[in-house]
Structure formats: C-alpha cells, structure tokens
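Everything on this sheet refers to the single structure shown next.
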Amino acid sequence: MKHTFNYFYTMQPNDSFFVDDISNFTLNLLNDSGQEWYIDVDTELGNTRIRKFGPLMVDSDKLLFEFKYEYNELQFVEQKIINIVDRFINNEKSSITQIIEIDRDNFNDRIRGVISDSC
C-alpha cells in the first residue's frame, strides 16, 4: 500500500505591515479569537519609550486571565526597536492576524479604561 509523507515544512508570513517611522508609532494587534494587544513606541531626544499591554477582549476593558503591561526605556537603536516589535507581533501565543496603526490617544484611552475598570 502506497502512502505519501509530507516533509520539509516551512513557515512563511501571510501578511506584512509597514511602519512609516520606526521611532514613533502605535499599533493595535488582533487575533481571530477576539483578543487584542497594544504597542506604543515614542522617541524623543534619542530616548525611546516602549509600552505594551494585552490581551484584552475587543470592545471590553475586562482583564483576561493573563494580562501584562510592560514598559521599557532605551536609547534609540533602530535594530533593537525592530527586534522588540517583531517579537511582540510574532509571539506564538498571541497568534496575531491583523495589525492596525492607531493614534497614541487611543492607546492612552484604552489603558486608562483598563486601569479604572480593574481598580
């Protein structure tokens, strides 16, 4: 009896997202389970502040079982920022399927809503 075995599997991206200015941007990341994450990169005078949080359920400020807020400050080094953002976007646990660039005010409003709802 004949059988075909598949082998040499490869991973490839199904989509890509272009960031116009790697030193200043804010993203909303979503997956197919209705969860979302946020990342904000803000550079001023050579110092970069990176804030990340999630997951949340879309349109809800209720925290899920595991919620993280992370803050990093570093000197601007383009490749470091690229690596941090790439790891965040491509985290296997998150399974991100959509990225939307948003206004920093939306990021701040979202985190304020989470804080006020959880306190």
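I'm trying to understand the selection: among the residues of segment 83-107, which are free of Cβ contacts under 8 Å to residues at least 12 places away in the same chain and farther than 13 Å from G54 by Cα?
N83, D86, R87, N90, E92, D105
Report, ordered by the first and then the second residue, all pairs with beta carbons closer than 7 Å, sequence separation of six or more or different chains, a first member in segment 9-30 that is in contact (Cβ under 8 Å) with a residue 24 or more places away in the chain, and a second member that is of a type in the set (V, I, T) and part of a loop (DSSP other than H, G, I, E, B).
Filtered contacts from segment 9-30: F25/V19; T26/I102; L27/I102; N28/I102; L30/V58.
When only residues in segment 71-117 that are assigned to a helix (DSSP H, G or I) and among the acidic types (D, E) count, which is nearest to N31 (Cα to Cα)?
Once the filter is applied, the top-ranked residue is D86.
Every read-out reported here was derived from the displayed coordinates using simple, explicitly stated rules and does not represent laboratory data. These figures come from a predicted structure and were not determined experimentally. Here the Cβ is made from the backbone with ideal geometry for all residues, glycine too, and neighbour counts use every protein chain on show.
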